[in-house]
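**Q** One structure follows; several queries about it will come next.
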Amino acid sequence: MYMSFKLEPVFDGVIEAILEGKTFEGIAKEFNVSRSTLFLFLNQPNNSARAQEAFILSAHIFTDKAIEALNKADGGTMADIMLAREKAQYYMKMASYRNRAVYGEKTPPELPTNNYQPEDLKQLAAAINA
């Protein structure tokens, strides 16, 4: 199927590259395949669970990179600090892509709904208009 057979012998290496926080493009270049071949290979039923687990775990690498970027700018110029903040935001965004449950955007809690019936709304409208 496609050229994904080329990745079968090096699956452990692909997983290691994911855990190191490498991008799809970087991994594809390292193993001399296209990004689409890599994507198809990782989404095969016998590979997807392990690949997904590796992506989730690799999110922590990006949070470490964010902290390192901010620590390196400590005591630097304003430009250094601004650049470090941009890098940290990028790394945190990458972490959120890889592990949405921990680093993803938090959605506001749902507000309770009042299950008004049409009759209730008619009574309310009549009371307002009275």
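Each reported figure results from applying straightforward, stated rules to the coordinates on display, with no laboratory input. Owing to the predicted nature of the structure, the values given are computational and were not obtained by experimental measurement. As a convention, Cβ positions derive from the backbone with ideal geometry for all residues, glycine included, and neighbour counts pool all protein chains shown.
**Q** Give the calculated FRET efficiency between residue 39 and residue 64 to the nearest 0.05, with a Förster radius of 25 Å applied to their Cβ-Cβ distance. Working shown, then result.
**A** Values: r = 26 Å, r/R0 = 1.02.
So, using R0 = 25 Å, E works out to roughly 0.45.
**Q** Treating only the Cα positions of the stretch 51-97 as identical point scatterers, give the base-10 log of I(q)/I(0) from the Debye formula at each q in 0.15, 0.24 Å⁻¹.
**A** Here the Debye-derived log intensity ratios amount to -0.39, -0.74.
**Q** Taking only the alpha carbons of the stretch 4-105, what extent do you get along each of the three principal axes, in Å, biggest first?
**A** Extents along the principal axes: 50, 29, 18 Å.
**Q** Using the Cβ atoms and a cut-off under 14 Å, what net charge is assigned to the surroundings of residue 54, where Lys and Arg are +1 and Asp and Glu are -1?
**A** The answer is -1.
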